């Protein structure tokens, strides 16, 4: 059972400690509190088991790479 604590007294949480379906994140704004599960927060987001890196670079930098890494999503900027 959770107990009320001040934000400054909360323990840090790592991704490994999150139960995506049962834990709740609390958002406080203008004296109003709302809760959402991590699953609901992440629904509709792009997910991949293959992409582990995200890199932003110019087209010239991308072309200079040679062989791109298959686990990297490259964002080409103009």
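Quick check on region 1-23: of everything there that is within 16 Å of the chain's Cα centre (by Cα) and outside any helix (DSSP H, G or I), which residue is modelled with the highest pLDDT?
So the residue we want is 23.
So which of 55, 26 is assigned to a strand (DSSP E or B), closer than 23 Å to residue 14 by Cβ and under 21 Å from the mean Cα position of the chain (by Cα)?
Working: 55 fails: closer than 23 Å to residue 14 by Cβ.
Being assigned to a strand (DSSP E or B), closer than 23 Å to residue 14 by Cβ and under 21 Å from the mean Cα position of the chain (by Cα) holds for just one of 55, 26, which is 26.
Assuming residue 67 fulfils every condition listed in (1) exposed (fewer than 10 other Cβ atoms within 10 Å of the Cβ); (2) assigned to a loop (DSSP other than H, G, I, E, B); (3) at pLDDT below 90 apart from one, which condition is it?
Only one criterion in (1) exposed (fewer than 10 other Cβ atoms within 10 Å of the Cβ); (2) assigned to a loop (DSSP other than H, G, I, E, B); (3) at pLDDT below 90 is unmet by residue 67, namely (3).
Where residues in region 32-47 are touching a strand residue (DSSP E or B) at 6+ places or on another chain (Cβ under 8 Å) and either assigned to a loop (DSSP other than H, G, I, E, B) or without any contact (Cβ under 8 Å) to a residue 12 or more places away in the chain (or both), which of them is surrounded by the fewest Cβ atoms within 10 Å (Cβ to Cβ)?
33
Based on what the data block shows, is residue 72 exposed (fewer than 11 other Cβ atoms within 10 Å of the Cβ) and either touching a helix residue (DSSP H, G or I) at 6+ places or on another chain (Cβ under 9 Å) or without any contact (Cβ under 8 Å) to a residue 60 or more places away in the chain (or both)?
Judged against the criteria, residue 72 is not a match.
The values are calculated or read from the model by the stated rules, or taken from the named source; none is laboratory data. Note that the structure is a prediction, hence the values are computed from the model and not measured. Positions of Cβ are backbone-derived with ideal geometry, glycine not excepted, and every protein chain shown enters the neighbour counts.
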